[in-house]
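The values are calculated or read from the model by the stated rules, or taken from the named source; none is laboratory data. Quantities reported herein were computed from a predicted structural model and do not represent experimental measurements. FYI the Cβ positions are ideal-geometry reconstructions off the backbone, even for glycines, and counts take in every protein chain you see. The area values use the complete protein model at the heavy-atom level, side chains included, leaving out ligands, DNA and RNA. Shrake-Rupley method; radii C 1.70, N 1.55, O 1.52, S 1.80 Å.
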Amino acid sequence: MFRAFPTLLRIGFAEAVAYRAELVIWVLTATAPLISMFIWDRVAEEGPLGGWGQGEMARYFLLTLIVRHLTSAWVVWELNENIRTGGLSPMLLRPMHPLVFFVAQNLSAMPLRAVILAPLIVGVLWWRPELVWTPEPWTLLLGLVSAVFAWAIAFAAQVIFGSLAFFSQQSLGLFNVYFGLWSLGSGYLFPLELAPDWLRQLLLWLPFRATLATPVELLAGLVAWEDALGLVAAQVVWAVVFVGLAAMTWNLGVRRHEAVGA
Amino acid sequence: MSLGVSIAALMRASLLTTMRYRASFFGEVAMAVAWAFWTTVPLFVVFDQAPTLAGWTTEEALAVVGFFIIAQGVLEALVDPNLRAVVEHVRQGTFDFVLLKPIDAQLYVSLHRTEPLKLVHCVVGAGVVAYAAKAVDAGPVELLSATLLMFAGLTLLHSLWTVVVSSAFFFVKVDNLSWLIRAGLDAGRWPVSLYRGFVRFVLTFVLPIGLVTTYPALALRGELKPSTGLGAMVIAVLFAGVARIAWTQSLRRYSSASS
Amino acid sequence: MIQVTALNKVYTVPKRGEGLWGSIRSLFSREVEEVRAVADLSFSIQAGERVGFLGPNGAGKTTTLKMLAGLLVPSSGERVVAGFDPSKRDPAFLRRITLVMGQKQQLLWDLPPIETFALNRALFGLDEAEARRTQDELIELLELGPLLNRPVRNLSLGERMKCELAAALLHRPDVLFLDEPTIGLDVRAQGTVRRFIAEWNERSGATVLLTSHYMADIAALCPRVIVIAGGALRYDGPLKDLAERYGGGRKVVVRTRDEAPETLGPFTREDGALVARLPSAEVAAAVDFALRQVAVADLSIEEPPLEDVLSKLFAERS
């Protein structure tokens, strides 16, 4: 079934090109890290924050923007829409797993996303040239590996909430709750470094950090070697848990779908 | 008179429709409180690091967040569901039926798929504003001018919405545009004076989100010059006019290009 | 009631390339193609007439209807409907027309039809007592009683169409544009809709312009038809003359007691019977001739099926 994958990628890319205007909008909507960057830049002016200067702070949010975009998933909307409108039924009849199709669709839009994002990044770097830095090879490599895991966790999480549409009309509402928690716990709105102590303790046991903060902090060179391996190991664990949960909800949902015949 | 009847009928149909799906009033209240909490957390994290920022104390900035929550409530109740409905109409070709009703189409699409329950967010936001107002000792004059400015800001928000809806006639797949408004508004959860240079200019004059959240909060502090307040209202009216033109232009295009 | 003069509609549509390269190329260049949907169309319809508007798919029927309803602006040409220029979509104009589209619906999907009726009464600013009377009349004629309080999404296609008609007629419009009102309906529901349209036309004296792919609709409802193909007018006149002119005449079949001759006057032998296709004026003489020449066992005169007539007409010149 993976023989069809290159074709899927090609079609996915053509689709992304056809919907380029919408893709531009999508990229523009997820620019919250830029806002955070402006605000925290301002806060950092008053003095260094927990060992971070203005430069680290700005770089952190720039990387947040990049990582967020290159690890983003939208399968929850696709699943919700297709389950609700019955578009999933023909997909289930194809000799290819629908989730493989969605993975291909997701991955094939990435190049165009990167192209759309590039001017924004260049603009920021032009404005703040001191943000350019050379990461060490090991942090770069580990950071990229970590980004792949971050994407896998995010995608699996969306499959879980998307599959809930088999059971409930409120699945998107539930996903919004997840997203709200995620935005506070993943380092998306503020660096976890600066969160109150109780929150940081709590977040050690939650999956949010693994989907964003871990690769960002690695790429920014803010993590020491020995901590880095622990963070990536945590990602692997979360990836296994989430993919397992995703497979479970998906299978239960499809079984229900077949029974009810929606 | 007959306009009032039309509006009442549209609201009634909206309410009946939402009640079909989610009659859970208490669920909505719980969600609204939770969202208010999530919205204020970043504020507390920031002000934990710096007690005042660009002349704003925690409580004063909290007023901005309060107006932000109100604006988001309006977005959720009025703007977003209606936008999605218009996009659906255009895509399925049923927008023609809207045009065949002897009532202003802009008014019709602004109201026809409202989610009144979401206005609970506005109530929660008003609660946050009230708390902040008490903390900064706002008097009746301040309260009144803040309210007026808030409505000017909401007018502006609606105008932005109209412009986005107008673009629904040009793009293929614009559901995402509602997220664009949301992302734009998101910048408004912080006092606009925290931004600098170009960004601040954009947020004040081009995409005047500052007008929706920061100006009412300034008025609440009694620090908004009357001339600025008046200027803000003029801008709101101006935007409404621009939005109206965008709407009529795109309708014209719709009826010369669609098939 | 409807006056159309030299109506034209030209669309430009973007061309999009195929494959990967094509989709990249369409990022940068926009080739456009001009499509002429309606070409120099003229006709006029009197108040109270029922006119069938025929043509193959893509002939420009819907485009024309939309131009008449004020939803589309023509590229050139004039049209006056109920004394108005439709483009302005004057509320007074909108109160006098209605458009029903078989493929699209205006009913509020999640609510019972009665709510759409209530909404339309308010939006059209109808006098409450009078609108109620019209509503009751429509409910009775279309037998909507049991459907009124069920959500639209739980109704069958036929039930939905009946409710669509009622919702569209509450304001008692003078002009009805019906675009494929019976599409997808079963034979019984088609009959109900057909009978209702005829009945409503009689009762209200409204003008009806109707498109349909079901010839039974046209035959039952429309004494007059307008045929277009490729956007241009092909025929405008009585339905019965259409068959006459384009049907190749009536088919006269004579079965003889003995073996039929190879040819006989206008007849030739097909499948052992004598067959002739003749204009109606010559049918009587031919039958008379056959009766005198051979021993006739059976005789039949068939109208050409309307579908055949139309496909001949559509094929011609296009």
Quiz item: Do you know the relative contact order of chain B, to the nearest whole percent, from alpha carbon pairs under 8 angstrom that are 6+ apart?
Solution: 26 percent
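Given the Cα-Cα distance of A:Ser89 and A:Val241 and 0.36 nm per residue of separation, how much length would full extension add, in nm?
The span from A:Ser89 to A:Val241 would gain 52.0 nm if fully extended.
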Quiz item: By the scheme Lys and Arg +1, Asp and Glu -1, what is the net charge of all other residues having a beta-carbon under 11 Å from that of B:Tyr195?
Solution: +2
Quiz item: What shape does the range C:121-265 have by the C-alpha gyration tensor, where a ≥ b ≥ c are the square roots of the eigenvalues, rounded means a/c under 1.5, and otherwise prolate means a/b greater than b/c and oblate the rest?
Solution: prolate
Exercise. Sum up the charges of everything whose Cβ sits under 11 Å from the Cβ of C:Leu147, counting Lys and Arg as +1 and Asp and Glu as -1, but leave C:Leu147 out.
Key: +1
Exercise. At a Cα cut-off below 26 Å, give the lysines reachable from C:Lys240, other chains included and same-chain residues fewer than 8 away excluded.
Key: C:Lys61, C:Lys251, C:Lys312
Quiz item: How many times 2.2 N^0.38 Å is the alpha carbon radius of gyration of chain A?
Solution: 1.06
Quiz item: If you take every DSSP beta bridge whose two residues both sit in the protein assembly as shown, what share of them, in percent to the nearest 5, is antiparallel?
Solution: 70 percent
Practice problem: Rank these residues by their accessible area, most exposed first, probe 1.4 Å: C:Lys61, C:Lys312. | Solution: C:Lys312, C:Lys61
Self-check item: chain C: relative contact order as a whole-number percent, Cα under 8 Å and 6+ apart
Solution: 19 percent
Exercise. Before anything else, pin down the relative contact order of chain A: Cα pairs under 8 Å, at least 6 apart, normalised by residue count, whole percent.
Key: 26 percent
Quiz item: In Å, what Rg and Dmax follow from the Cα atoms of the range C:47-111?
Solution: 13.5, 41
Quiz item: Okay, helix-only estimate at 222 nm for chain B: each DSSP H run of n ≥ 4 adds -39500 (n - 2.57), divide by all residues, round to 500 deg cm²/dmol; what do you get?
Solution: -24500 deg cm²/dmol
Quiz item: So what is the calculated 222 nm ellipticity per residue for chain C, using -39500 (n - 2.57) for each DSSP H run with n of 4 or more, over all residues, to the nearest 500 deg cm²/dmol?
Solution: -11500 deg cm²/dmol
Quiz item: Can you give the convex hull volume of the alpha carbon atoms of the protein assembly as shown per residue, in Å³?
Solution: 211 Å³
Quiz item: Most fluctuating residue of A:Leu117, A:Leu204, A:Leu70 in a GNM of chain A with Cα springs under 10 Å: which is it?
Solution: A:Leu204
Quiz item: What area, in nm² and to one decimal, does the C-alpha convex hull of the range A:100-221 cast on average over all directions?
Solution: 9.7 nm²
Quiz item: Assuming a viscosity of 1.306 mPa s and a temperature of 10 °C, what translational diffusion coefficient in µm² per second does Stokes-Einstein assign to the range C:185-248, Rh being the Kirkwood radius over Cα pairs?
Solution: 122 µm²/s
Quiz item: If one puts a single equal scatterer on every Cα of the range A:180-262 and applies the Debye formula without solvent, what log₁₀ I(q)/I(0) results at q = 0.17, 0.19, 0.26 Å⁻¹?
Solution: -0.73, -0.84, -1.28
Quiz item: How much accessible area does A:Phe5 have with a 1.4 Å probe, in Å² rounded to the nearest 10?
Solution: 40 Å²
Self-check item: Globularity ratio of the range B:2-257, using Cα Rg and 2.2 N^0.38 Å
Solution: 1.04
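Probe radius 1.4 Å, ligands and nucleic acids left out: which of C:Thr207, C:Thr12 has the largest accessible area, and how do the rest follow?
Details: C:Thr207 0, C:Thr12 85 Å².
Result of the area sort, largest leading: C:Thr12, C:Thr207.
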Quiz item: How high is the FRET efficiency from B:Leu148 to C:Ser311, r the C-beta distance, R0 51 Å, rounded to 0.05?
Solution: 0.15
Self-check item: Per-residue SASA entry for B:Met150, accessible area with 1.4 Å probe, Å² rounded to 10
Solution: 30 Å²
Quiz item: When the Kirkwood radius is taken over all Cα pairs of the range C:247-315, what Stokes-Einstein diffusion coefficient follows at 4 °C and 1.567 mPa s, in µm²/s?
Solution: 104 µm²/s
Practice problem: Counting only DSSP beta bridges with both residues in the range C:166-284, tell me the antiparallel percent, nearest 5. | Solution: 75 percent
Quiz prompt | Most to least accessible of A:Trp74, A:Trp40, B:Trp35 (protein chains only, probe 1.4 Å) | solution = B:Trp35, A:Trp74, A:Trp40
Quiz prompt | Three-way shape call for the range C:190-292 based on the alpha-carbon gyration tensor, with the a/c threshold at 1.5 | solution = prolate
Quiz item: Residue separation times 0.36 nm, minus the C-alpha to C-alpha distance between B:Arg182 and B:Arg20: what's the value?
Solution: 55.7 nm
Exercise. Would you mind checking the tilt of helix C:128-142 against the longest principal axis of the Cα atoms of chain C, expressed as 0 to 90 degrees and rounded to 10?
Key: 30 degrees
Quiz item: Any number yet on Rg/Rh for the range B:156-243, C-alpha, Kirkwood?
Solution: 1.01
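Summing Lys, Arg as +1 and Asp, Glu as -1, what charge do residues with Cβ under 15 Å from the Cβ of C:Arg96 carry, C:Arg96 excluded? Please list the in-between numbers first.
Values: positive: B:Lys101, C:Arg79, C:Lys88, C:Arg89, C:Arg95, C:Arg172; negative: C:Asp85, C:Asp90, C:Asp174.
It works out to a net charge of +3.
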Exercise. Roll a 1.4 Å probe over the protein heavy atoms and report the accessible area of A:Leu141 in Å², nearest 10.
Key: 120 Å²
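At 222 nm, what helix-only mean residue ellipticity would chain A give, in deg cm²/dmol to the nearest 500, using -39500 (n - 2.57) for each DSSP H run of four or more?
Rounded to the nearest 500, it is -24500 deg cm²/dmol.
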